[in-house]
Structures are given as structure tokens and as C-alpha cells.
Amino acid sequence: MVYIGMDIGTSKPTPDVLAQAPHRLIDILQPNQVYSTARFRADALAAMSEIAGRGRIPLLVGGTMLYLRALQQGLARLPSADPTLRGAIVDEASAIGWPAMHEHLARLDPTSARRIHPNDPHRIQRALEVHAITGRPMSELIREAGDTADLPYRLLKLVRAPSERGLLHERIEQRFRSMLARGLVDEVAQLWARGDLTADLPSMRSVGYRQVLRYITGDASWDEMRYTGIAASRQLARRQLTWLRAESDGHWLADEPHAVGDAVDRITRMMCPT
């Protein structure tokens with residue numbers, strides 16, 4: 001949602017919703033730019049401070065659990081990027097493929113490899129780069145050298161997810177089909193027509209956009225695009241659920257029709273403990 005022009009595929013809030021509930025960190029970057037966890041943490045803390053300063057309560061909404069963890073726990077002080085080394089990693093990946101690079105990472109830093117998808121070149125690249133510069137696994141550096149500054153807020157973590165996997169899969173399929181019906185292909189085609197985007201940018205590699213781009217460029221049929229788009233969305237949901245189950249202080253909400261009532265009850269008890 002940070003990217004301008006990427007509306008349907010990210011399910012951005014509509015203007016009517018934004019008028020009722022103002023959102024931050026939407027439409028702040030061009031799709032040819034890269035957003036990082038460090039920038040997110042700085043942006044989120046600034047927005048939260050501004051909201052709290054007006055006597056309001058910031059709501060953190062979304063499914064990017066890596067960003068939430070960075071916000072809570074801080075960021076390790078990792079070495080800066082080395083353009084020469086990064087170029088060498090990209091050249092090697094061009095020769096053997098990113099899945100093979102992921103296998104190499106698994107031998108050097110199994111903890112990071114377990115957290116990084118084999119088809120996520122940017123994170124694979126960064127983890128290999130950090131290891132090459134420091135001689136140590138990035139996961140080890142994160143544990144030892146993290147910025148442990150306390151988050152100056154109490155957190156109430158509310159987790160919303162269907163209790164039945166079949167229902168979740170059904171909703172995911174309906175959601176992707178709805179995006180296609182609302183013009184996702186045209187949205188991606190307009191982005192690609194800009195001429196300044198590449199298929200390996202984070203914006204174009206995000207779920208939904210990556211699959212539609214392959215259709216636009218002739219690398220996939222309509223049926224293949226639709227199938228892989230739904231499958232990738234399900235895989236993303238599975239990874240999100242894995243992260244969420246690791247949040248020991250998360251409160252799982254009941255499914256419809258009681259989710260809102262459960263959330264309000266938990267919020268009230270936190271604000272007004274008996």
C-alpha cells in the first residue's frame with residue numbers, strides 16, 4: 001500500500017473509508033523505489049507519536065509481521081550495502097538461480113534461510129551480503145546487536161483469522177477473483193507501461209502483481225495466472241499464520257459475527273482494568 005498506483009492488488013482503503021478512518025503510510029513511494037524495515041520503523045514511530053500527541057490511540061493494521069516485529073524489537077545495526085559485492089551476488093544468481101542461492105544461504109545461515117522464501121531475491125541477497133562482509137550469519141548479528149530501545153507504547157495484539165482453513169482458502173480465491181474483475185490486469189499493465197519498472201523490484205514481485213505481470217508479458221496464460229495468483233496468496237497467508245502463532249501474547253478473535261464485539265471487549269478491559 002505504500003506504492004502509488006498499486007491500489008486494486010493491495011486492497012487499499014477506498015476514499016470513503018479513508019474519510020472516516022485516516023490511514024498513514026499509504027501512497028508514499030513510487031513503484032520503482034524500495035521500502036525497508038528501517039524506513040518503516042521510522043515512519044511508523046513518527047506517525048504513532050503524532051497520533052498519540054493528539055490524544056488518539058494508534059492502530060497498527062496489516063499482515064506484514066516482519067515489520068511489526070521490527071517495530072517492537074528494533075533493528076540490528078547491520079553493515080551498509082556494498083554495491084560491488086551486491087553486484088557479484090546478483091551475477092551469481094543470474095547464473096545459477098535464486099533458489100540455488102537460497103540453498104547456499106541455508107548452509108551459511110540456516111536461521112535466516114528458514115525465514116526467507118526461496119523466491120525472495122532481495123532478502124536472500126541481503127543475508128548473503130551481510131555474511132560476506134562480516135563473516136557471521138545475519139541472524140546471529142540481529143540477536144546480538146539489535147536496537148533494543150523499548151517501544152514507548154503498550155500493545156494489544158488482536159489476531160483475526162477464520163478458524164477453518166477451508167473457509168480461509170475460499171475467501172482468498174474470492175478476493176483474487178474480485179481483484180481481477182475490478183481491473184487488476186489493467187492496473188498492472190498501466191504500471192508496466194511506465195517503462196521504469198523491472199520484474200525484480202519489490203513492488204512487481206509482490207503477491208498478485210508478480211503473477212499478473214507474467215500474464216501481461218506473455219509468460220503465463222490467463223488460467224495459469226489466476227491459479228498461481230490464488231496459490232501464492234494462500235502461501236502468503238500460511239506464512240502469516242506461522243508468524244502470528246509465534247506471537248505468544250496475541251489474542252485470537254472469534255469469526256463472524258462476533259469479531260468486532262470481542263475486539264471492543266478486549267480493548268475496554270485493557271483501557272479500564274478492573
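Remarks
- Against the conditions (1) surrounded by 15 or more Cβ atoms within 10 Å (Cβ to Cβ); (2) in contact with a Pro (Cβ under 9 Å, 6 or more places away or on another chain), Tyr67 satisfies every one except (2).
- Selection of first residues in region 171-194 that are open to solvent by 30 Å² or more (accessible area, probe 1.4 Å) and of second residues that are not in a helix (DSSP H, G or I), restricted to Cβ pairs under 6 Å at least 6 apart or on distinct chains, gives the following pairs, ordered by first then second residue: Arg182/Ile8.
- Whichever residue in region 224-262 is aromatic (Phe, Trp, Tyr) and closer than 23 Å to Thr64 by Cβ and, among such residues, is most open to solvent (accessible area, probe 1.4 Å): Trp252
Yes or no, residue by residue, for (1) of a type in the set (A, V, I, L, M); (2) in contact with an Asp or Glu (Cβ under 6 Å, 6 or more places away or on another chain); (3) touching a residue at least 60 places away in the same chain (Cβ under 8 Å):
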{"residue": "Ala19", "(1), (2), (3)": "yes, no, no"}
{"residue": "Arg24", "(1), (2), (3)": "no, no, no"}
{"residue": "Ile51", "(1), (2), (3)": "yes, no, no"}
{"residue": "Gln73", "(1), (2), (3)": "no, no, yes"}
{"residue": "Ala95", "(1), (2), (3)": "yes, no, no"}
{"residue": "Ala100", "(1), (2), (3)": "yes, no, no"}
{"residue": "Arg107", "(1), (2), (3)": "no, no, no"}
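- Only listed residue being among the hydroxyl-bearing types (Ser, Thr, Tyr), in contact with a Pro (Cβ under 8 Å, 6 or more places away or on another chain) and within 15 Å of Ile8 (Cβ to Cβ), chosen from Ser233, Ser178, Ser203: Ser203
- Residue that is surrounded by the fewest Cβ atoms within 10 Å (Cβ to Cβ), among those in region 31-58 that are in contact with a Lys or Arg (Cβ under 9 Å, 6 or more places away or on another chain) and closer than 25 Å to Leu184 by Cα: Asn32
The values are calculated or read from the model by the stated rules, or taken from the named source; none is laboratory data. Since this is a predicted model, take the numbers as computed values, not measurements. Heads up, the Cβs are rebuilt from the backbone with ideal geometry, glycines too, and the neighbour counts pull from every protein chain shown. Each accessible area value is taken on the protein alone, full model and side chains, heavy atoms only, with ligands, DNA and RNA left out. Shrake-Rupley method; radii C 1.70, N 1.55, O 1.52, S 1.80 Å.
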